[in-house]
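The block underneath contains the structure these notes are about, expressed in structure tokens.
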Amino acid sequence: MTLRAGFIGLFAASFLAVDGHASVERSLYPMPRPDSAAPVAAQVSHGGASPDRAPLAGIAPARSALPRLRPDGLGVSRDAQLAAWLAGFRGRALAQGIRGSVFDAAFAGVEINREILRRESGQPEFTRPIWAYLDSAVSSARVRGGRAMLREHRAVLDEIEARYDVDREVVIAIWGLESSYGALRGTSQLIPSLTTLAIHSRRAEFYEQQLIGALQILQAGDVDRRHLVGSWAGAMGHTQFIPTSYLAYAVDFRGDGHRDIWSDDPTDSLASTAAYLARHGWQRGQPWGVEVQIPARFNPRLANTARDVGDWVELGVRPQAGLELPRSGEATLLFPAGSEGPAILAFRNFHVIKRYNNADAYAIGIGHLADRLRGGGGFVGDWPRDDRPLSRAEREELQRVLQRAGHYDGNIDGRVGSGTLAAVRDWQAAQGLAPDGYVSFALLERMRR
């Protein structure tokens with residue numbers, strides 16, 4: 001856990017992969033967790049692919065007289081490829097303290113799972129807007145389920161809240177989004193899943209770290225191989241810890257000698273989640289964020305900047321009716337759907353939630369669900385539901401338009417990063433529009449005129 005991703009900005013985080021299933025086999029999460037920079041047994045974010053080599057052109061005849069180069073792995077069976085990789089990985093695992101007997105028992109009969117590779121490489125053509133994500137993440141059914149869990153687990157939540165000083169509603173909200181309150185924890189065997197990804201994934205280094213972590217869990221005796229299960233990507237238990245985060249933050253709250261996040265009893269999972277948030281600075285009783293009203297003629301370029309609450313108030317920012325702002329403290333202004341949608345002042349607890357999953361949309365979903373569990377209402381501002389995100393081809397078109405207009409000099413790759421967002425803001429300002437950097441179909445249509 002920072003749990004999964006550490007690279008998403010305000011507006012890029014507002015769009016999510018299209019998928020309606022609230023399952024850990026195909027998660028609601030806006031972004032994946034892996035961050036290849038995180039060390040084993042330390043905080044992990046639950047990397048990116050190297051660019052494909054461009055083919056040489058114009059320097060060879062149409063049909064070369066030379067034989068083709070032999071592609072890597074041609075003629076090598078999957079079994080042989082796996083065996084070769086295991087031979088090298090065994091040495092690396094033993095060098096990190098894994099006993100040979102533990103390693104051999106864990107990998108007995110392991111095979112490559114091609115279905116996992118299909119899932120891992122799947123890239124949706126269209127993305128999902130934040131309001132559609134929140135409709136699912138904070139649905140009426142999820143709110144009802146969360147309130148039922150608060151009642152059912154009141155006694156243990158009293159203990160967890162007292163020990164870790166973390167509001168119970170945010171712990172339950174994470175449980176609800178991660179596994180639908182334990183109903184969808186995942187049933188994939190972790191060792192085969194992580195082995196497949198460590199060999200074939202673009203994030204192979206990250207998954208090898210997780211595989212070492214899984215072996216350390218087995219060696220410690222917290223769970224046996226048969227019960228070491230989770231999502232196809234290696235997240236485990238009620239609140240979907242990845243192995244390295246489990247090693248760093250999971251707790252044995254019951255004191256039975258095992259940090260058991262796999263059983264039907266969610267106690268250790270809920271306590272581990274509270275412990276994780278506490279370690280990253282959760283402030284009990286303080287808001288994650290407050291929906292606010294923005295005055296007329298407000299500068300949208302101030303979005304995603306941080307300043308003291310008092311400074312925002314001086315700029316005319318006010319809480320929506322029925323809400324209150326803290327008297328002090330640093331707050332970041334968010335326009336998750338552009339300046340035409342709701343505006344949020346986000347506080348320290350928002351950034352703590354992002355240590356669990358670094359997407360803004362995820363943190364907004366967790367915070368808003370927690371608010372609803374304690375009786376709060378929905379957003380006051382209207383989401384721009386008649387708009388939609390762009391496909392990859394449309395994002396590339398947008399970049400070409402910005403390039404022709406002299407605002408963008410980056411790659412035409414369909415990736416909306418900081419350079420593209422800055423160019424969008426410059427184009428909007430030049431057109432007399434609110435420079436909020438919000439990328440959508442309505443924006444592209446205006447650019448096409």
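Among residues of segment 420-449 that are more than 17 Å from P129 (Cβ to Cβ), those with a Cβ under 6 angstrom from a residue that is at pLDDT below 95 and hydroxyl-bearing (S, T, Y), sequence gap 6+ or separate chain, pair up as A434/S339. Scanning segment 101-125 for residues that are over 24 Å from the mean Cα position of the chain (by Cα) and among the small types (G, A, S) gives S101, A105, A106, A108, G109.
Quick grid of which residues meet (1) within 30 Å of N349 (Cβ to Cβ); (2) at pLDDT 95 or above; (3) surrounded by 24 or more Cβ atoms within 10 Å (Cβ to Cβ); (4) not charged (D, E, K, R):
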{"residue": "G176", "(1), (2), (3), (4)": "yes, yes, yes, yes"}
{"residue": "Q189", "(1), (2), (3), (4)": "no, yes, no, yes"}
{"residue": "S193", "(1), (2), (3), (4)": "no, yes, yes, yes"}
{"residue": "H227", "(1), (2), (3), (4)": "no, yes, no, yes"}
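Of the residues screened, G341 is one that is among the small types (G, A, S) and either modelled with pLDDT under 95 or part of a loop (DSSP other than H, G, I, E, B) (or both). Could you tell me whether segment 323-331 includes any residue that is over 20 Å from L177 (Cβ atoms), crowded, with 23+ Cβ neighbours inside 10 Å, touching a Phe, Trp or Tyr at 6+ places or on another chain (Cβ under 9 Å) and modelled with pLDDT of 95 or more? Checking segment 323-331: at least one residue is over 20 Å from L177 (Cβ atoms), crowded, with 23+ Cβ neighbours inside 10 Å, touching a Phe, Trp or Tyr at 6+ places or on another chain (Cβ under 9 Å) and modelled with pLDDT of 95 or more. Checking each residue in segment 304-354 for being of a type in the set (S, T, N, Q) and out of contact with any Asp or Glu (no Cβ under 7 Å at 6 or more places or on another chain) picks out N304, T305, T332, N349. The requirement of being at pLDDT below 95 and of a type outside the set (K, R) is not satisfied by V401.
Checked against the criterion of being farther than 30 Å from L247 by Cβ, aromatic (F, W, Y) and buried (at least 17 other Cβ atoms within 10 Å of the Cβ), the candidates W312, W282, W288 yield just one match: W312. For the structure I just gave you, tell me whether A274 is under 22 Å from N357 (Cα atoms) and of a type in the set (A, V, I, L, M, F, W, C). For A274, the condition - under 22 Å from N357 (Cα atoms) and of a type in the set (A, V, I, L, M, F, W, C) - is met. Within segment 78-113, the set of residues being touching a helix residue (DSSP H, G or I) at 6+ places or on another chain (Cβ under 9 Å), farther than 21 Å from S188 by Cα and modelled with pLDDT under 95 comprises just one member, Q81.
Residue count for segment 214-245 satisfying the condition of being of a type in the set (D, E, K, R) and over 19 Å from T196 (Cβ atoms): 2. Only residues that are of a type in the set (S, T, N, Q), within 19 Å of E120 (Cα to Cα) and not in a helix (DSSP H, G or I) were counted in segment 166-212, giving 4. Looking only at residues of segment 126-142 that are surrounded by fewer than 18 Cβ atoms within 10 Å (Cβ to Cβ) and over 19 Å from the mean Cα position of the chain (by Cα), we find that the one that is farthest from W383 (Cα to Cα) is A141.
For segment 417-435, the set of residues classified as in a helix (DSSP H, G or I) and aliphatic (A, V, I, L, M) consists of L421, A422, A423, V424, A429, A430, listed by residue number. Does any residue of segment 304-326 turn out to be in a loop (DSSP other than H, G, I, E, B) and in contact with a helix residue (DSSP H, G or I) (Cβ under 7 Å, 6 or more places away or on another chain)? Within segment 304-326, one or more residues are in a loop (DSSP other than H, G, I, E, B) and in contact with a helix residue (DSSP H, G or I) (Cβ under 7 Å, 6 or more places away or on another chain).
The values are calculated or read from the model by the stated rules, or taken from the named source; none is laboratory data. Keep in mind that this is a model prediction, so the values were computed, not measured. Because the Cβ atoms are built from the backbone with ideal geometry, glycine has one as well, and the counts that use them run over all protein chains shown.
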